[in-house]
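Before any comments, here is the structure.
The values are calculated or read from the model by the stated rules, or taken from the named source; none is laboratory data. Values in this document were obtained by computation on a predicted structure and should not be read as measured data. As a convention, Cβ positions derive from the backbone with ideal geometry for all residues, glycine included, and neighbour counts pool all protein chains shown. Accessible surface is based on the protein model in full, side chains and every heavy atom, while ligands, DNA and RNA are left aside. Shrake-Rupley method; radii C 1.70, N 1.55, O 1.52, S 1.80 Å.
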2 protein chains.
Amino acid sequence: MDKNTASYKRMDKTILNAFIEISQQIPFENITVQKIADVAYISRYTFYVHFHDKYEVAERIQDELYREFTQFIQKQIPAIHAATATAEEHWQMMDIAILRFSQKHIGWTQSIWKIHTETIDFSKRIKTFLADNYKSRFPDHENLDLEAMLYANMAMTLTEHYIGKIHTPNMNQTITSSYIYAFLYAIGIHEEHLLKKEYNHFMQLIYPETSLSS
Amino acid sequence: MDKNTASYKRMDKTILNAFIEISQQIPFENITVQKIADVAYISRYTFYVHFHDKYEVAERIQDELYREFTQFIQKQIPAIHAATATAEEHWQMMDIAILRFSQKHIGWTQSIWKIHTETIDFSKRIKTFLADNYKSRFPDHENLDLEAMLYANMAMTLTEHYIGKIHTPNMNQTITSSYIYAFLYAIGIHEEHLLKKEYNHFMQLIYPETSLSS
């Protein structure tokens, strides 16, 4: 069977889309080849010509989504690393880029995000990507592994929080503000007055043009 | 069978310990009741008098560890919430307490940490506990869910990084410093000069008595 014909590829896509449709309705454990075939209006025989099992379908989705993701981010890396970018611009390019990507591919992302098997763990792959990017950015930092994982986990917490939610106009400030409070508490700054002082310090650093209330 | 006799409880413990011993050597999937019985020097019959299956053993370990953990932390909460605690003291009590707890119960922690089933997800339980504690601490914050999850994920990244590792004397500064760098990058502060400036600002805030070299 020639895997490069348009009709073969079209059928691949039909099966992937059927899988995504089902996985938004039922958990991965309950998905069967029969259900995929039903939704795709194909026979189980046709399914098995294209894929070995449902795991292979999910892995393909993960791989394609990951390839799209890295291409999307890598295009922005030179701009992200430019020393002239302000904090807000930098942050927009990185964190907001991940959110935009998840939003753009919401069906695929939601479908793959929930699946955790030995070969499928999309959020772990993205975390590794973000951690590696951090490491290549600050190769001389002393505690590189820990720093990189902390950063990657923060970015992923954000993505998981916003996945499938409507992005509001003041979302950027909401996110920055949450990062700041969580961090200040994590390093032990918990006393009301000092917390507020340090919070304002950072909000002014990131949004120098805005006058801030509380 | 009276579950409150010393001999019944002792056998429970023998089985739990056998499970922990095995789970440090092989993945949960490969653990069988036969293996647990072999290591505990008991018959499979005796095992089934005490537990339904290996899942029940793992759940018991999770529950006991979680109870110990919450008792351990809750004892410290009044001191943690005292406004007079310095940043370093506060942080010692919270993050370092979690690390000390994992270290003290290292066998149990390492054993349960690796298991993820529908009913067993120890790191998720600890995260929920930390997030809830954050929420009760700052009930009036606007983006409480996101802040609390960011904080809980930072603390857990730390624990996962250090689990089973020897704690070094300057670990505290290592951790604080990693938190600061990861956070600064996360909010978009990436330019060398500003990064260093803000880093020093925080290190001086947390360790006011020490003179800091970069």
Fill in: Portion, in percent, of the accessible area of the protein assembly as shown that falls on carbon or sulfur, probe 1.4 Å
51
Discussion item. I need the chymotrypsin sites (Phe, Trp or Tyr not before Pro) found in the stretch B:81-114, filtered to DSSP loop residues with at most 12 other beta carbons within 10 Å of theirs.
Written reply: none
Worksheet, complete the sentence: So, over other residues within a Cβ distance under 14 Å of B:A186, counting Lys, Arg +1 and Asp, Glu -1, the net charge is -3
Worksheet entry | Local electrostatic count, A:Y55, Cβ distance below 12 Å [Lys/Arg +1, Asp/Glu -1] | -3
Worksheet item: Buried accessible area for the B:A pair, summed, 1.4 Å probe, in Å² rounded to 100?
Response: 4700
Discussion item. Inside 10 Å of the C-beta atoms of A:192-199, what's the mean count of C-beta atoms belonging to other chains?
Written reply: 2
Worksheet item: Angle, helix B:122-137 long axis vs. longest principal axis of chain B, Cα atoms, 0 to 90°, nearest 10?
Response: 40
Practice prompt. Mind running the shape call on the stretch A:1-51? Use the C-alpha gyration tensor, a ≥ b ≥ c as the square roots of the eigenvalues: rounded below 1.5 for a/c, prolate if a/b tops b/c, oblate otherwise.
Written response: prolate
Worksheet item: Using alpha carbons only, what's the Rg to Rh ratio of chain B with Rh from Kirkwood?
Response: 1.07
Item to complete: Bin width 10 Å, alpha-carbon pairs only: give the P(r) of the protein assembly as shown as whole percents, running from 0 to the bin holding the largest distance.
Response: 4, 18, 25, 23, 18, 9, 2, 0
Worksheet item: Under a 1.4 Å probe, what is the accessible area of chain B per residue, stated in Å²?
Response: 49
Worksheet item: Of the listed peptides B:9-16, B:149-156, what is their order by residue-averaged count of other C-beta atoms within 10 Å, with the highest listed first?
Response: B:149-156, B:9-16
Worksheet entry | Formal net charge of residues neighbouring B:F72 (Cβ-Cβ distance under 11 Å; K, R +1; D, E -1) | +3
Worksheet item: Of all the C-alpha pairs in the stretch B:146-204, what % are more than 18 Å from each other?
Response: 43
Response to the item:
Mean per-residue count of partner chain Cβ within 10 Å for B:86-95 equals 4
Worksheet item: Can you give the mean number of other chain Cβ atoms that lie within 10 Å of the Cβ atoms in peptide A:170-182?
Response: 5
Worksheet item: Which entries in the list B:K165/B:K197; A:K9/A:K35; B:K3/B:K35; B:K35/B:K124; A:K75/A:K127 go over 22 Å, if you measure between the two C-alpha atoms of each?
Response: B:K165/B:K197; B:K3/B:K35; B:K35/B:K124
